[in-house]
Amino acid sequence: NTLFDLAAGRMRYVAFVPRVMVTTVSVELTAGPARTRVQVTYQRTALAPEFNAEVEAAGKVDAASGPEWQAAVAGALQSRRA
């Protein structure tokens, strides 16, 4: 966890797989009167050319993870309101 600023609605996580890849996940929340906008950005870097395909495959999984993020954020926000 390289950034956790709940008041600003910003979090950043870094994961390192030795010799394979580094992944950074940034989460930004923007509260509105009726909705909260959530932007999740993944950045992946292969540490050797032979892992480029793994990074590309992970990117496809990341691109499809919107509903999972939506449910997780909604649950977290709901628990804060309770």
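The values are calculated or read from the model by the stated rules, or taken from the named source; none is laboratory data. Because the structure is predicted, anything quoted here is derived from the model rather than measured. We place every Cβ from the backbone using ideal geometry, glycine too, and count neighbours over all the protein chains shown.
Per-structure values
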{"read-out": "Tabulated pairs, segment 25-45, first under 16 Å from A71 (Cβ atoms), second assigned to a loop (DSSP other than H, G, I, E, B), C-beta under 6 angstrom, 6+ apart or interchain", "value": "L29/G9"}
{"read-out": "Conditions (1) in contact with a Leu (Cβ under 8 Å, 6 or more places away or on another chain); (2) at pLDDT below 90; number of the one not met by G75", "value": "(1)"}
